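Structure record follows, encoded as structure tokens.
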């Protein structure tokens, strides 16, 4: 396992709880790529340092900690500018990764279809383009490990013009996929079969619910962030006999890199044409309210805010009745995708939509 050290910054007005939650999520992202989190450092500052993000003295302190603990990689909980990344590399003397690059790396590992691979490749090239120097791509002076899963698993071109040309090519390929998806959506609409999309924050159990609903292990489900990347659609017959299509989708996360939103827009826009959305929420998460807002903001940005929505709380098997009662709202459903508890009520609710 690759040893890593996490770095966060708390600015004035940001509660300690928020930065702690953010760092905890960064830790889970790191663990998703099999990293071993050795230490965490949070610096309180009035503003971000334009040269290093953190203070140069703090960067030197981190350098000492990294050398003493044989830590190869430092992960920052904020996207770094190309200048900040180069300066930190030189000051600390270790591989520097930011949150955006870490998420891009996870997506590169998760892509299982040609479409997914193209979208990840576009996001990565868009991220790396401004980080090309006269000496080539700033590869942190090291080869391999976290953050080095290259676009399409090919060596990055060092020439900016060739990269821009390749980005145009990727966009054209994705536009072709987008046109094909539009055609598929029109055909589904013409068939009159309703489409139900399962959406939610990453790792809330969407794939487990999808498998529970269709009674098959159709998609990979795991207790990892972004276990599902490529959307999967299956037929389902409801208790009334009505036939529908159910879609498992990629999970959302706070501050999802802009590069990924743009690259995966063709995939994410699937939810705008859905007849109903199942918003799955982790009932045991202390951050479920924040996660709900992230999902709400994302579907708003995609233009799907007016699509009918069923709010479903998952993992209720891990809550007792006293915990459940204060949370119950009139139209909310509480289920356990793992034990099938409440699935029958959910199917009836879908049938009524």
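Residue 53 - would you say it is at pLDDT below 95, in contact with a helix residue (DSSP H, G or I) (Cβ under 6 Å, 6 or more places away or on another chain) and not assigned by TED's automatic domain parsing to the domain that holds residue 204?
Judged against the criteria, residue 53 is not a match.
Here's a check for you: in region 132-147, which residue that is touching a helix residue (DSSP H, G or I) at 6+ places or on another chain (Cβ under 8 Å) and surrounded by fewer than 17 Cβ atoms within 10 Å (Cβ to Cβ) is modelled with the lowest pLDDT?
141
Consider residue 100 against the criteria (1) without any contact (Cβ under 8 Å) to a residue 60 or more places away in the chain; (2) in a helix (DSSP H, G or I); (3) in contact with a helix residue (DSSP H, G or I) (Cβ under 9 Å, 6 or more places away or on another chain); (4) under 27 Å from residue 261 (Cβ atoms): it satisfies all of them except one. Which criterion is unmet?
(1)
For region 54-77, which positions are in a loop (DSSP other than H, G, I, E, B) and closer than 14 Å to residue 40 by Cβ?
Those that are in a loop (DSSP other than H, G, I, E, B) and closer than 14 Å to residue 40 by Cβ: 54, 69, 71, 77.
If you take the residues of region 272-300 that are more than 16 Å from the chain's Cα centre (by Cα), farther than 22 Å from residue 20 by Cα and assigned to a helix (DSSP H, G or I), which of them is modelled with the highest pLDDT?
Here the residue is 300.
Restricting attention to region 253-269, report how many residues are crowded, with 20+ Cβ neighbours inside 10 Å and under 18 Å from residue 309 (Cβ atoms).
Of the residues in region 253-269, 1 are crowded, with 20+ Cβ neighbours inside 10 Å and under 18 Å from residue 309 (Cβ atoms).
The values are calculated or read from the model by the stated rules, or taken from the named source; none is laboratory data. Predicted, not measured: the structure shown is a model, and the values here were computed from it. Heads up, the Cβs are rebuilt from the backbone with ideal geometry, glycines too, and the neighbour counts pull from every protein chain shown.
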